[in-house]
Structure formats: structure tokens, C-alpha cells
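Undergrad: Sharing a structure, written as C-alpha cells. Questions coming.
The values are calculated or read from the model by the stated rules, or taken from the named source; none is laboratory data. What you see is a predicted model; the values in this text were computed from it and never measured. Please note: Cβ atoms are built from the backbone with ideal geometry, for glycine as well, and neighbour counts cover all protein chains shown. With ligands, DNA and RNA removed, areas are computed over all heavy atoms of the protein, side chains included. Shrake-Rupley method; radii C 1.70, N 1.55, O 1.52, S 1.80 Å.
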Amino acid sequence: MGYVTRIVIIGGGPGGYEAALVAAQLGAEVTVVDCDGLGGASVLTDCVPSKTLIATAEVMTTFDSSYEELGIIVADDTPPLERSARVVGVDLGKVNRRVKRLALAQSHDITAAVTRAGARVMRGRGRLDGCQTAADGSRCVVVEAADGTTERLTADAVLVATGARPRELEDALPDGERILNWTQVYDLDELPEELIVVGSGVTGAEFAGAYQALGSTVTLVSSRDRVLPGEDPDAAAVLEDVFRRRGMNVMARSRAQSVKRIGDRVEVALADGRVITGTHCLMAVGAIPNTSGMGLEESGVKLTDSGHIWTDKVSRTSAPGVYAAGDVTGIFALASVAAMQGRIAMYHFLGDAVAPLNLKTVSSNVFTDPEIATVGYTQADVDNKRIVANVVKLPLLRNPRAKMQGIRDGFVKLFCRPGTGIVVGGVVVAPKASELIHPISIAVDNNLTVEQIANAFTVYPSLSGSVAEVARQLHTRKTAEADQG
Ligand SMILES: Cc1cc2nc3c(=O)[nH]c(=O)nc-3n(C[C@H](O)[C@H](O)[C@H](O)COP(=O)(O)OP(=O)(O)OC[C@H]3O[C@@H](n4cnc5c(N)ncnc54)[C@H](O)[C@@H]3O)c2cc1C
């Protein structure tokens, strides 16, 4: 029998399990070690649970806007219904039970798929042995099971994909009941009456919007000038406007310093001396990588100043035979990127064809209402002259389907190179923008031109008609520029 390459993967989130599937398919002997369950934080506490909760929130938003825009009456009362007279409500206990059931089921499905592919799954905490690389270049991973027993595994290559966990502030530690991080909200049986969300990045904005839709009175505390400081500024402005219009208290330039529980209430002290109170507080102030106690630096794995594992474009760390993928690398906190990094690591180590990670084609979405989907180069890239591009933004208000559906907020924005018209990026702000971004994604990935997008048929009436219309406007502008030039 020939030599079989041994791969050990520490961490079973998208970075880890996708790598395991690829490596097993390529014929390696694969072991995946995870302390919480396959699917990782992505499936068990982060991505999947939050999007399942948001699915309920979306239906509530539809009900809330159904009278004003579509003339639907959901009660005998004389419309328009006050928020307090709402007849559609949410049983949060039931919603959260569904969330957990779905997350567990998905974790089981992933475990079954990885096992079927031929990989071994171990429940436990893994760490690199820390000792020097053995003479044959192999490494040792020590796995400690929950019952305290340990097992040593020899690996030709190790992939570290241990993810990240919520950052905690010393003076705002979660108690799991009133002061919560995003992994703890699914234990609530009743809707928070007055929820204070600290942090207005993607996670903070998604939860603030969702709980507002579910019926909580929400205050969003943002240390920056506007919500979603890392996103397209026009998109963030639309969302902030929608949040305020729906009654959310958005507090800009307000840094939370401490959060205290006082009986059944919470008190959030801001840096400028103001104090706000509510029934619950959700902390969404970023994540820190899971790197401690893993023997990384002892094994020659270099960490960056932010504490993440340094990797190159094929997921190699600074230690031979050790790769890293996902949130622990701090490259892009997205499940899709983690999975890609994990696959690239395995293709590279196992000698398959591999393309280095290209972040300029990544598409991502903020699951608020409206959603904000982006791909490729951004407005900030254009403004900071990292790329020269023409930009056109078209409000959805002009789209016939949007008018029929009562959609007032949102836009489509495209970026293309001035000479060639090649599409290099786009932003869609709309309901289900996560679905509408795909044609732009395909264009960015394949260097398609605005003319090619404009010439493809779209259904009439459809929101995707706006994607073609923006492309048409950019094409016309490009042609006019060429005529003048
Ligand atoms: C609230 C929220 C919502 C999100 N929504 C989205 C979304 O909609 N779309 C999207 O693309 N991304 C989303 N993300 C980001 C996404 O969840 C992460 O990018 C993704 O989970 C990263 O995957 P990973 O493989 O790096 O690690 P993780 O999914 O974090 O998995 C790591 C696993 O390793 C385990 N582990 C840690 N240390 C050890 C050890 N020493 N030994 C064994 N096991 C260990 C952990 O317990 C965990 O199970 C969201 C994040 C948050 C916080």
C-alpha cells in the first residue's frame, strides 16, 4: 500500500470542515478535531442562528409595512395600527427553539457528510505539541477530550481553523440573562422590552434591526459617526435612515464604557457621562481570535499585532506544514472566505491545482432590512484612488417592480473601469440584495463589461432590471466619453 498523507484539522467551522471534505476527496487520511461540534461557531452560534432569527424578523417587517404600502388590514381596529396595538406578535421562546434545532440539525448533517467522505471526527480541544518538527517533517497534535483523556496525532500537515469568539469589555461582562453576547441571545424565552445594542458594525446592526422588527424598543449605541462604518457610506446612510424612521434610537459618537445590571434592568454608561437604561443589553463589539493555549508561537506560527495568525495567499503560516484558515487569520470574517481558505490550504499541500485567495471577488451581505450586498472594489477604493472607476447609482424608487411592491429604500450601484467598461464592483441595497448581487458577482469574477450586463435580458418588471439599467447608464457614459475623447 502506498503512503497516505495525514492531515489534522483543528476547528470544525467552515474553514475546517470544507478543508476536511476536500482533503478526504483527494485521498488524504483526515482527522477533524472540534470542541463544540462540526459547523463551528458559524453553524452553532453565529451565522446560521442569526439568519434563522432574522427570517422571523423579515416576516414581521413585511406585516408592519403591509398596511401603509399594500393596504393589508390585519385587525378589526381602524388602521393605521399603532405599534402598541399590533396584533401580530412573536413567541420568542418558540423562535429560539427553532433556531437551536436548525443549528444542531445542520451540525449533524455536516458531521455525517465529513464522516461519509472518510474523515475521522474527534470531539476535543486540539493544540500543536510545540516541539520541533520531527525529522520527517511531520507534526504532533495533542487532543484533549472532555473527559480529560488525551491522544497524540501525527500529521504531515496541520490546518488551524479555530475561529474567533465575542470580545468582552472588562466593565461590561455578559451574565447570560440581561447582559448578553451574540451567542447567548437564543436562550431568551421572552422578547427584550427595551434592548440596548452596543456596537454598530454588521453584527450590531443585524441584531438591532431584527429585534426592532420583532417588537423590542431598540437603542443602538455607536461609537462612530454612523452605523456600519466599514460598509458603503450610501448604503449605511439608507439603513440608518430606515432604522430611525422605524423608531430606533440610534446614538452616534457614543462610546459605551460600562454596562451594569441593576435588578431586572441594565445601565449603560457612556464615555461622555450619559447613562442609558433598558431591560437587556447586547454586546457586539467585535471578536477575538482563538489562538491562546494552542502551542502556536512555540511551533513557529507567527501572530500579527492583532493576535491573528499570519498567512499568505495559499493559507500557509510561517511554520512549515502548518496552515490556517478562517476568522483566526483575521482576513475577512466570512464563512465563505473561511471555507475558501481551508480548501486552498488543502489543494496547496496535497499538490492539486490552486489559485491564490482573491479578495477582490468576494461578495458579502448585511442581513438587515433592507439588505446590503457588496462585491469587488468599493466606494472607499474609488475615493482613495486605489482604482480608477466610473460609478453610477440608481435608486430603487424608479424601478417599476419596486413601486408595485412598495419598496422605497435602496439602490443599485456599479463600478466599472473607464476605458474598457469592465465591471469591478457593485453594491445592492434592497430586500433580498443577497440574491440580486449574484449577476454582478459573476461579472466581477469574469471581467464582464457593463455592455454585456446591459445587453442580457431581464424580466419585466423585476428588481434585477435596475442592475441592467445601471449598466446601461455606465455604458452610455463610457461611449460618450470615448466620443469626446
Ligand atoms: C452573529 C454573526 C453572524 C454572522 N453571519 C454571517 C453570515 O451571514 N455570512 C457569513 O459568511 N459569515 C457570517 N458570520 C461570520 C462567520 O460566522 C465566520 O466568518 C465563520 O464562522 C468563520 O469560520 P471558521 O471556520 O473560521 O471558524 P468558526 O465557525 O468560528 O469555527 C471554529 C471552531 O473551532 C472550535 N475550536 C476553537 N478552538 C479549538 C481547539 N483548540 N480545538 C478544537 N476546536 C476548537 C470552535 O469551538 C469552533 O467550533 C457571522 C458572524 C457572527 C458573529
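Undergrad: From the residues in region 2-24 that are small (Gly, Ala, Ser) and surrounded by fewer than 23 Cβ atoms within 10 Å (Cβ to Cβ), which one is farthest from the ligand (Cβ to nearest atom)? It would help to see each step written out before you state the result.
TA: Quick first cut of region 2-24, residues small (Gly, Ala, Ser) only: 2, 11-13, 15-16, 19-20, 23-24.
Applying the additional criterion that residues be surrounded by fewer than 23 Cβ atoms within 10 Å (Cβ to Cβ) yields 2, 24.
Values: GLY2: 30, ALA24: 17 Å.
So the residue we want is GLY2.
Undergrad: Which residue pairs have Cβ atoms under 8 Å apart, sit 6 or more places apart or on different chains, and have a first residue in region 5-18 that is among the charged types (D, E, K, R) and a second that is modelled with pLDDT under 95 and more than 6 Å from the ligand (Cβ to nearest atom)?
TA: Qualifying pairs under 8 Å: ARG6/SER138.
Undergrad: While we're here: Got at least one residue in region 34-44 being in a helix (DSSP H, G or I), of a type outside the set (A, V, I, L, M, F, W, C) and within 27 Å of the chain's Cα centre (by Cα)?
TA: Going through region 34-44, the residues in a helix (DSSP H, G or I) turn out to be 40-44.
Of the ones still in play, those that are also of a type outside the set (A, V, I, L, M, F, W, C) are 40, 42.
From the residues that got through so far, the ones that are within 27 Å of the chain's Cα centre (by Cα) too are 40, 42.
The answer is yes; a qualifying residue exists.
Undergrad: OK, next. Starting from residues that are within 30 Å of VAL4 (Cα to Cα) and open to solvent by 40 Å² or more (accessible area, probe 1.4 Å), keep the ones in region 25-58 and report whichever is farthest from the ligand (Cβ to nearest atom). Lay out the reasoning, then the answer.
TA: Pass one, region 25-58, residues within 30 Å of VAL4 (Cα to Cα): 25-40.
Checking the rest, the ones that are also open to solvent by 40 Å² or more (accessible area, probe 1.4 Å) come to 25-27, 29, 35-36.
Numbers: GLN25: 18, LEU26: 19, GLY27: 23, GLU29: 19, CYS35: 4, ASP36: 4 Å.
Across region 25-58, the extreme among qualifying residues is GLY27.
Undergrad: Quick one: in region 187-204, which of the residues that are on the phi < 0 side of the Ramachandran plot and of a type in the set (Gly, Ala, Ser) is most open to solvent (accessible area, probe 1.4 Å)? Write out each step before concluding.
TA: First, pick out the residues of region 187-204 that are on the phi < 0 side of the Ramachandran plot: 187-198, 200-204.
Right, trim to of a type in the set (Gly, Ala, Ser) and you get 200-201, 204.
Working: SER200: 8, GLY201: 32, GLY204: 1 Å².
So the residue we want is GLY201.
Undergrad: From the list ALA164, ALA145, ALA157, pick out the single residue that is within 15 Å of the ligand (Cβ to nearest atom), crowded, with 22+ Cβ neighbours inside 10 Å and not basic (Lys, Arg).
TA: ALA164
Undergrad: May I ask you to list the residues in region 179-197 that are over 21 Å from PRO370 (Cβ atoms) and within 14 Å of the ligand (Cβ to nearest atom)?
TA: LEU180, ASN181, TRP182, THR183, GLN184, VAL185, TYR186
Undergrad: Name the helices (runs of 4 or more DSSP H) wholly within region 400-455 that hold at least 1 residues that are free of Cβ contacts under 8 Å to residues at least 24 places away in the same chain and open to solvent by less than 50 Å² (accessible area, probe 1.4 Å)?
TA: Working: elements: 400-405, 433-436, 438-445, 450-455.
The helices (runs of 4 or more DSSP H) meeting that bar are 438-445, 450-455.
Undergrad: What residue, of ARG101, ARG165, ARG97, is outside any helix (DSSP H, G or I) and at pLDDT 85 or above?
TA: Numbers: ARG101 fails: outside any helix (DSSP H, G or I); ARG97 fails: outside any helix (DSSP H, G or I).
Result: ARG165 is the single residue among ARG101, ARG165, ARG97 that is outside any helix (DSSP H, G or I) and at pLDDT 85 or above.
Undergrad: Inside region 130-141, can you point out the residues that are within 16 Å of the ligand (Cβ to nearest atom), touching a residue at least 40 places away in the same chain (Cβ under 8 Å) and either assigned to a loop (DSSP other than H, G, I, E, B) or surrounded by fewer than 20 Cβ atoms within 10 Å (Cβ to Cβ) (or both)? If you could, list the steps in order and put the result at the bottom.
TA: The initial filter retains those residues of region 130-141 that are within 16 Å of the ligand (Cβ to nearest atom), namely 130, 139-141.
Going one step further and asking which of them are touching a residue at least 40 places away in the same chain (Cβ under 8 Å), we end up with 130, 139, 141.
If the condition is that a residue be within 16 Å of the ligand (Cβ to nearest atom), touching a residue at least 40 places away in the same chain (Cβ under 8 Å) and either assigned to a loop (DSSP other than H, G, I, E, B) or surrounded by fewer than 20 Cβ atoms within 10 Å (Cβ to Cβ) (or both), then GLY130 is the only one that fits.
Undergrad: Let me ask something else. Could you list, in sequence order, all residues of region 459-481 that are within 11 Å of ASN399 (Cβ to Cβ) and among the hydrophobic types (A, V, I, L, M, F, W, C)? I'd like the intermediate steps shown before the answer.
TA: Step one: filter region 459-481 for residues within 11 Å of ASN399 (Cβ to Cβ), giving 460-470.
The answer is LEU463, VAL467, ALA468, VAL470.
Undergrad: Look at ALA319 and say whether it is of a type in the set (Gly, Ala, Ser), in contact with a Lys or Arg (Cβ under 9 Å, 6 or more places away or on another chain), over 27 Å from ASP136 (Cβ atoms) and buried (at least 17 other Cβ atoms within 10 Å of the Cβ).
TA: Details: of a type in the set (Gly, Ala, Ser): yes; in contact with a Lys or Arg (Cβ under 9 Å, 6 or more places away or on another chain): yes; over 27 Å from ASP136 (Cβ atoms): no; buried (at least 17 other Cβ atoms within 10 Å of the Cβ): yes.
Answer is no for this residue.
Undergrad: Among what's in region 309-361 and is among the small types (Gly, Ala, Ser) and away from the ligand (no atom under 12 Å from the Cβ), pick the residue that is farthest from ALA208 (Cα to Cα). Can you show your working first?
TA: Keep residues of region 309-361 that are among the small types (Gly, Ala, Ser), which gives 315, 318-319, 321, 324-326, 330, 333, 335-336, 338-339, 342, 345, 351, 353, 355.
Applying the additional criterion that residues be away from the ligand (no atom under 12 Å from the Cβ) yields 318-319, 321, 351, 353, 355.
Values: SER318: 39, ALA319: 41, GLY321: 42, GLY351: 45, ALA353: 43, ALA355: 38 Å.
In this case the residue turns out to be GLY351.
Undergrad: Oh, and also: State whether one or more residues within region 328-341 are closer than 17 Å to ARG127 by Cα and outside any loop (DSSP other than H, G, I, E, B).
TA: Within region 328-341, the subset closer than 17 Å to ARG127 by Cα is 328-329.
Among the residues that remain, those that are also outside any loop (DSSP other than H, G, I, E, B) are: 328-329.
Within region 328-341, one or more residues are closer than 17 Å to ARG127 by Cα and outside any loop (DSSP other than H, G, I, E, B).
Undergrad: For residues in region 205-234 being within 16 Å of the ligand (Cβ to nearest atom) and assigned to a loop (DSSP other than H, G, I, E, B), which is most open to solvent (accessible area, probe 1.4 Å)?
TA: GLY230
Undergrad: On the basis of being in a strand (DSSP E or B) and near the ligand (Cβ under 10 Å from one of its atoms), does SER364 make the cut? Quick ask: steps written out before the conclusion?
TA: Numbers: in a strand (DSSP E or B): yes; near the ligand (Cβ under 10 Å from one of its atoms): yes.
The answer is yes for SER364.
Undergrad: Spot the failing condition for ALA480; the list is (1) open to solvent by 30 Å² or more (accessible area, probe 1.4 Å); (2) modelled with pLDDT of 95 or more; (3) not basic (Lys, Arg), and only one is missed.
TA: Looking at each condition in turn, ALA480 falls short on (2).
Undergrad: Can I ask one more? Does any residue of region 398-416 turn out to be β-branched (Val, Ile, Thr) and within 16 Å of the ligand (Cβ to nearest atom)?
TA: Restricting attention to region 398-416, the residues satisfying the condition of being β-branched (Val, Ile, Thr) are 407, 412.
Adding the requirement that they be within 16 Å of the ligand (Cβ to nearest atom) leaves none.
No, the conditions are met nowhere in region 398-416.
Undergrad: Could you grab me the full set of residues in region 235-270 that are in a loop (DSSP other than H, G, I, E, B) and open to solvent by 60 Å² or more (accessible area, probe 1.4 Å)? Write out each step before concluding.
TA: Filtering region 235-270 down to residues in a loop (DSSP other than H, G, I, E, B) leaves 246-248, 252-255, 263-264.
Listed by number, the residues that qualify are ARG246, ARG253, ARG255, ASP264.
Undergrad: Scan region 419-429 residue by residue and report those that are over 22 Å from the mean Cα position of the chain (by Cα) and either among the charged types (D, E, K, R) or modelled with pLDDT of 95 or more (or both).
TA: Of the residues in region 419-429, the ones over 22 Å from the mean Cα position of the chain (by Cα) are 419-423.
Scanning region 419-429 gives THR420, GLY421, ILE422, VAL423.
Undergrad: Among the residues of region 362-390, count how many are open to solvent by less than 40 Å² (accessible area, probe 1.4 Å) and either under 16 Å from ILE440 (Cα atoms) or touching a residue at least 40 places away in the same chain (Cβ under 8 Å) (or both). Talk me through it step by step, then tell me what you get.
TA: Here is the first cut: in region 362-390, the ones open to solvent by less than 40 Å² (accessible area, probe 1.4 Å) are 362, 364-366, 368, 370-376, 379, 381-382, 387, 389-390.
Narrowing the set further to residues that are either under 16 Å from ILE440 (Cα atoms) or touching a residue at least 40 places away in the same chain (Cβ under 8 Å) (or both) leaves 362, 364-366, 368, 370-376, 379, 381, 389-390.
Residues flagged as open to solvent by less than 40 Å² (accessible area, probe 1.4 Å) and either under 16 Å from ILE440 (Cα atoms) or touching a residue at least 40 places away in the same chain (Cβ under 8 Å) (or both) within region 362-390 amount to 16.
Undergrad: Here's something else I'd like to know. I want to confirm something. Restricting to region 344-357 and keeping residues that are in contact (Cβ under 8 Å) with a residue 24 or more places away in the chain and in a loop (DSSP other than H, G, I, E, B), which single residue is surrounded by the most Cβ atoms within 10 Å (Cβ to Cβ)?
TA: Looking only at region 344-357, we keep the residues that are in contact (Cβ under 8 Å) with a residue 24 or more places away in the chain, and these are 344-350, 352, 354, 356-357.
Remaining after also requiring in a loop (DSSP other than H, G, I, E, B): 350, 352, 354, 356-357.
Details: LEU350: 18, ASP352: 14, VAL354: 17, PRO356: 10, LEU357: 21.
So, considering only residues that are in contact (Cβ under 8 Å) with a residue 24 or more places away in the chain and in a loop (DSSP other than H, G, I, E, B), the one surrounded by the most Cβ atoms within 10 Å (Cβ to Cβ) is LEU357.
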